[in-house]
Amino acid sequence: MQDRDNYDDVSKVRRFDHPGKGKKRARAVPKGRQVEVHAKSAMEALLADEPRERQFLIEYLHLIQDTYGQISAQHLAALADEMRLSFAEVFETATFYAHFDVVKEGEPDIPPMTVRVCDSLTCCMLGAEPLLASLEKSFPEGVRVVRAPCVGLCDVGPAVEVGHHFVPHATVEKVRHAVSHGDTHPHVPDYIDFDAYRAAGGYKTLQRLRAGELSVDEVLKTLDDGSLRGLGGAGFPTGRKWRSVRGEPGPRLMAVNGDEGEPGTFKDQYYLNTDPHRFLEGTLIGAHVVEAADVYIYIRDEYPIAREILATEIAKLPAGGPNLHLRRGAGAYICGEESSLMESIEGKRGLPRHKPPFPFQVGLFGRPTLINNVETLFWIRDLVEKGAGWWKSHGRNGRTGLRSYSVSGRVKSPGVKLAPAGVTIQELIDEFCGGMGDGHTFTAYLPGGASGGILPAAMNDIPLDFGTLEKYGCFIGSAAVIVLSDQDDVKGAALNLMRFFEDESCGQCTPCRTGTEKAVKLMEREVWDTALLEELSQCMRDASICGLGQAASNPLSCVIKYFPDLFGAPKRAAAG
């Protein structure tokens, strides 16, 4: 029987007596962080009639950041109150993403102007470090100069972001000019808009599909026959992925991975900034095939031009198709991993999910979800219209199809190079990039971005395509090719890449979180303990949850394996 003497008849909440102190007093104020009246009013005005759903949390954090230039503790408390979320949920999300400037209580305000200097590999090869040092001395207290990971402008490095305006081939003078003139907004270039795209025959394939003149089975057969693979890095057969999603019970969703954060990669940005409707038509074809009523297009925060173009052009699309939702990343490389991307779209930290289940089974908001990369969808229209034979007519060295190679580094003409799949690095440099830069001798290259490994120039005859590089401990990934010369430090390049992975690790699993940190410390030593580094690399490959930790050590392992002349010291002796 309950001891009713210790219960209040009205509240039914038990009151415990404290020996010698009498009964516990009620709180003078409610438990938890209190919302200031002015902050609550400001948040209500800022959100207005927008829905208070968790999936919009990151969008609203961007709104606060864009409005105030920072996010205070009171902003977070007011937003949590408006969205009926705990303060902890909002705080952990805001602090997970690098582009949210969260000011904790007692900390000074963020300066009104932020200058971000890219310190990824290609920009560092082209002078980012001395530029950063000079800029840090060049501005008064109202300007903040910080390091930034790859911003997708590797072909015009060193790159600097002033607000949301990018300065290519940056110098101190160019950056000072942008700051002094308040040049902080993205400059939208000329591109193929809706009217121009329609006038050139655009959207006819989509219309035929919706009218029943072109069947879903015909589209899928073309994708299968053409052997189109995902061009975001994984290379999964596109037709098989679409069939897998169609085989799951509805309702189904679609998500587009435009979080192109791999250092050295910028092809998706190029296509979005020049021919957005070819991508949009491919997206709408995919949504029709899998019967997705909603499509979520996730674009990294470093691509403000692409977001602005897409927002403008999506508004011009005729009614009747799926709902297209633009989602804005917030500076987290891990969100390029498909399950992290879904978490971010849902308004959460971008932590990778355990698999299975896979996204085609249980994806966005718990529904079967088709996830494709931007470039994969860009080629759908051409492939369906011109046929599988057209796509397979391209290729070299026994490979088929086309590849968009993002080439940067010590070549005369860097940029996005549309070339036959399977070209070698030597063919790519000589035929598509105008050769090596003046005064530079080809010594090494990255065939697949930061995580794709590093190979010596002597291995210049390997076809650059899916399945051709794995036996060398490398992979093509998103076809980000960085060319190094005799003026570059290969060990320094590997260290730069490992620092990137250390910074971008989501921290969820120990092998990646601690492994990247430990690797950086070991690689900063003048003499590398190669045996210990190889042991650490194997642990990261075997035990990390997602591809970031599993592939982070590829450049390190390649340098040890293919550049033995860099290691004069013997390997670590066995214990005892």
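I'd like the residue in the stretch 268-296 that is over 18 Å from the mean Cα position of the chain (by Cα), acidic (Asp, Glu) and farther than 19 Å from Arg246 by Cβ and, out of all such residues, is least open to solvent (accessible area, probe 1.4 Å).
That would be Glu281.
How many of the residues making up the stretch 354-379 are open to solvent by 70 Å² or more (accessible area, probe 1.4 Å) and over 21 Å from the mean Cα position of the chain (by Cα)?
Restricting attention to the stretch 354-379, the residues satisfying the condition of being open to solvent by 70 Å² or more (accessible area, probe 1.4 Å) are 354-356, 358, 365, 367.
Applying the additional criterion that residues be over 21 Å from the mean Cα position of the chain (by Cα) yields 356, 367.
So the answer is 2.
Which residue out of Leu351, Leu326 is open to solvent by 10 Å² or more (accessible area, probe 1.4 Å), closer than 17 Å to Leu272 by Cβ, of a type outside the set (S, T, N, Q) and not in a helix (DSSP H, G or I)? Reasoning before the result, please.
Details: Leu351 fails: closer than 17 Å to Leu272 by Cβ.
Going through Leu351, Leu326 in turn, the sole match is Leu326.
Of all residues being in a helix (DSSP H, G or I) and in contact with a helix residue (DSSP H, G or I) (Cβ under 8 Å, 6 or more places away or on another chain) in the stretch 57-72, which is surrounded by the most Cβ atoms within 10 Å (Cβ to Cβ)? Just the residue, please. It would help to see each step written out before you state the result.
Here is the first cut: in the stretch 57-72, the residues in a helix (DSSP H, G or I) are 57-68.
This time we only want the ones that are in contact with a helix residue (DSSP H, G or I) (Cβ under 8 Å, 6 or more places away or on another chain), so: 57-58, 60-61, 63-64, 67-68.
Working: Leu57: 22, Ile58: 26, Tyr60: 20, Leu61: 24, Leu63: 16, Ile64: 22, Thr67: 12, Tyr68: 17.
So, considering only residues that are in a helix (DSSP H, G or I) and in contact with a helix residue (DSSP H, G or I) (Cβ under 8 Å, 6 or more places away or on another chain), the one surrounded by the most Cβ atoms within 10 Å (Cβ to Cβ) is Ile58.
Consider Val490 carefully, then state whether it is crowded, with 24+ Cβ neighbours inside 10 Å and under 16 Å from Pro555 (Cβ atoms).
In short, no.
Would you list the helices (runs of 4 or more DSSP H) that sit entirely within the stretch 152-267 and hold 2 or more residues that are open to solvent by 20 Å² or more (accessible area, probe 1.4 Å), within 28 Å of Ser413 (Cβ to Cβ) and not polar (S, T, N, Q)?
Values: elements: 172-180, 194-199, 204-211, 216-226, 238-246.
Correct list: 172-180.
Being surrounded by fewer than 22 Cβ atoms within 10 Å (Cβ to Cβ) and under 27 Å from the mean Cα position of the chain (by Cα) is true for just one of Lys471, Lys412. Which residue is that? Don't jump to the end; show me each part of the working.
Details: Lys412 fails: under 27 Å from the mean Cα position of the chain (by Cα).
None of the others qualify; the one that does is Lys471.
Can you name the residue in the stretch 139-151 that is under 15 Å from Val179 (Cβ atoms) and in contact with a strand residue (DSSP E or B) (Cβ under 8 Å, 6 or more places away or on another chain) and is also surrounded by the fewest Cβ atoms within 10 Å (Cβ to Cβ) among such residues? Steps first, answer last, please.
The first filter runs over the stretch 139-151 and keeps only residues under 15 Å from Val179 (Cβ atoms), leaving 139-146.
Next, from what is left, pick out any that are in contact with a strand residue (DSSP E or B) (Cβ under 8 Å, 6 or more places away or on another chain): 139, 142-146.
Working: Phe139: 17, Gly142: 9, Val143: 18, Arg144: 15, Val145: 22, Val146: 15.
Going through the qualifying residues, I end up with Gly142.
Six or more apart or on different chains, Cβ under 6 Å: which pairs go from a residue in the stretch 472-500 that's assigned to a loop (DSSP other than H, G, I, E, B) to one that's of a type in the set (Val, Ile, Thr)? Could you list them?
From the stretch 472-500, the pairs are Ser478/Thr265; Asp486/Thr441; Asp486/Thr443.
What number goes with the only condition from (1) at pLDDT 95 or above; (2) more than 15 Å from Leu497 (Cβ to Cβ); (3) open to solvent by less than 80 Å² (accessible area, probe 1.4 Å) that Glu535 does not pass?
(3)
Any idea which of Ala77, Ala88, Ala98 is of a type outside the set (Phe, Trp, Tyr) and crowded, with 21+ Cβ neighbours inside 10 Å? Walk me through it before giving the result.
On the way: Ala88 fails: crowded, with 21+ Cβ neighbours inside 10 Å; Ala98 fails: crowded, with 21+ Cβ neighbours inside 10 Å.
Going through Ala77, Ala88, Ala98 in turn, just one is of a type outside the set (Phe, Trp, Tyr) and crowded, with 21+ Cβ neighbours inside 10 Å: Ala77.
The values are calculated or read from the model by the stated rules, or taken from the named source; none is laboratory data. Model, not experiment: these values are computed from the prediction. Glycine gets a Cβ as well: all are built from the backbone with ideal geometry, and neighbour counts include every protein chain shown. Side chains included, ligands, DNA and RNA excluded: accessible areas come from the protein's heavy atoms. Shrake-Rupley method; radii C 1.70, N 1.55, O 1.52, S 1.80 Å.
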